[in-house]
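Below is one structure, written out as structure tokens; the observations come after it.
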Amino acid sequence: MDFYGTLGASCAQREILTALFQTGMTGARLNLSHTTLPECASLLEDAFWPAARQARVEASLIVDLQGPELRVGRLAEPVPLPEGGRVTLGSEGVPIPENLLVAARTGDRISLDDSALLLTVEEARPDRLLCRVDRGGLLKSRKSLALLGKEVDAPALTGEDRANLALAGRFGVTHILQPFVRGREDVEALRSALDQNGLEGVEIMAKIENRRGMEKLDEIMEAADIICIARGDLGNSMPLWELPSAQKRIARRCREAGKPFFVVTQLLWSMEERAVPTRAEVSDIYNGVLDGSCALMLTGETAAGRHPVEAMEYLVKTAQCALRDLAAGRL
């Protein structure tokens, strides 16, 4: 079974990455929604790969593309959004993608940062959206953005994605996480781009992040190498209490088709701050293994959390306990 972390400020030092590998990490994700491969050259060449060699791990390097995912633009500093207040998205306000401006209408609801913040569009203008803050908090650069209940037209690969793919071989990329896969055509577009760059051996991990992805799961499974149940945005596309059912159904269909899959998002979210996880979190990990997940991935826990190595230790030990129980027939 594979155990992935996410690269970020909390694990950018070679010593911490070595400890993560020694704890059981088998690979790491690099989120290219926030950076580029050239900008991460030092992290990869001076820390990640040397740490893997020191720990004697044949590591995977997974890059997570931008794709059609919507994100807030870069902010000079975090923007406080008090509940009940007003905020402008677009011109003279928080920068957002042009395609969201085109799609949004008065009365639409917009979630930010995996639904940590929630807005209602009070007035949709050609160049901006005037919104009421229904659920407040601190908005940071490049956080996720979703127009609830609607699809926003966007290409499968952005120009930045194609630029990063052209350099993927140089940096040792082994897997591509493809966000918001909407059907076979998206996967085939990525496969074609990989072939054009001599990356035929790189595996595609198709992220199921909305209802359309679930509806097209059969054809996505045929086209992709691995399915990723990406619970952050998947949870934005439905009432949150329906998410466990969606996860279970995707897992069952993958098992029936013999398609490898894995689970990501908030596995040990509390450990971004706390040194010990909740009982619910370790139970979530255990159940993910019982469902047949071929891997588990931490995101903010290792990228920005206060206890990256401890989080990886809880992930690995909990999963290994589940595997032992399965092998021993205790369940």
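The values are calculated or read from the model by the stated rules, or taken from the named source; none is laboratory data. These numbers come from a predicted model, not from an experiment. Note: ideal-geometry Cβ built from the backbone for every residue, glycine included; neighbour counts use all protein chains shown. Protein only, heavy atoms only, side chains kept; ligands, DNA and RNA dropped before computing areas. Shrake-Rupley method; radii C 1.70, N 1.55, O 1.52, S 1.80 Å.
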**Study point:** Residue-normalised accessible area of region 91-236, expressed per residue, 1.4 Å probe, Å²
**Key:** 41
Exercise for review: Compute the label zone of E58 within region 16-34: residues whose backbone N is under 15 Å from the point 7 Å along Cα-to-Cβ.
Suggested key: 26-27
**Study point:** region 278-331 versus region 66-103: alpha-carbon centroid distance in Å
**Key:** 34
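Going by the alpha-carbon gyration tensor, a ≥ b ≥ c the square roots of its eigenvalues, is region 176-282 rounded (a/c under 1.5) or, if a/c is not under 1.5, prolate (a/b greater than b/c) versus oblate? Let's see the in-between values first.
Details: a/c = 2.19, a/b = 1.59, b/c = 1.37.
Prolate shape, in that a/c is at least 1.5 and a/b is the bigger ratio.
If packing is taken as the average count of other Cβ atoms within 10 Å, what order do 2-8, 128-134 fall into, highest mean first?
Values: 2-8: 23.1, 128-134: 19.6.
In decreasing order of mean packing, 2-8, 128-134 become 2-8, 128-134.
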Study note, to complete from the structure: Across D153, D64, D114, the residue with the highest GNM fluctuation in the chain (Cα network, 10 Å cutoff) is D153
Study note, to complete from the structure: Distance in Å, no decimals, from the C-alpha centre of region 1-29 to the one of region 172-238 is 23
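Quick one: pull the percent of accessible area on region 234-331 belonging to carbon and sulfur, 1.4 Å probe, ligands and nucleic acids left out. Kindly include the intermediate steps, with their values, before the conclusion.
Details: 2650 of 4760 Å².
Carbon plus sulfur share of accessible area: 56 percent.
When the accessible area of region 99-224 is split by element with a 1.4 Å probe, what percent falls to carbon and sulfur? Working shown, then result.
Working: 2450 of 5420 Å².
Result for region 99-224: 45 percent of the exposed heavy-atom area is carbon or sulfur.
For the chain, give the share of DSSP beta bridges that are antiparallel, in percent and rounded to the nearest 5; count only bridges with both residues there.
Beta bridges within the chain, antiparallel portion: roughly 45 percent.
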Check your understanding: Across the chain, how many lysine pairs, 8 or more apart or on two chains, come within less than 25 Å at their alpha-carbon atoms?
Key -> 14
Review point. So what J values fall out for region 120-129 if you push phi through Karplus, 6.51 cos²θ - 1.76 cosθ + 1.60 with θ = phi - 60°, rounded to Hz, Gly and Pro as x?
Key: 10, 6, 8, 8, 9, 10, x, 10, 7, 10
**Study point:** Label-point separation in nm, A116 to M1, each point 7 Å along Cα→Cβ
**Key:** 2.8
Practice item. Please determine, in degrees from 0 to 90 and to the nearest 10, the orientation of helix 243-257 with respect to the longest principal axis defined by the Cα atoms of the chain, where the helix direction is its Cα long axis. Key: 50
Practice item. Pick out, from L101, G232, L75, the residue whose Cα sits farthest towards the positive end of the charge dipole of the chain, with +1 on the Cβ of Lys and Arg and -1 on the Cβ of Asp and Glu. Key: G232
Revision key, fill the gap. For the chain, longest principal axis from Cα atoms; helix 279-290 axis from its Cα atoms; angle between them, nearest 10 degrees, is 70
**Study point:** Gaussian network model of the chain, springs between alpha carbon atoms under 10 Å - residue of E69, E188, E272 with greatest fluctuation
**Key:** E188
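Rank-order 220-227, 32-39 by packing density, defined as the average count of other C-beta atoms within 10 Å over each peptide's residues, highest first.
Details: 220-227: 20.8, 32-39: 16.0.
Peptide ranking by packing, descending: 220-227, 32-39.
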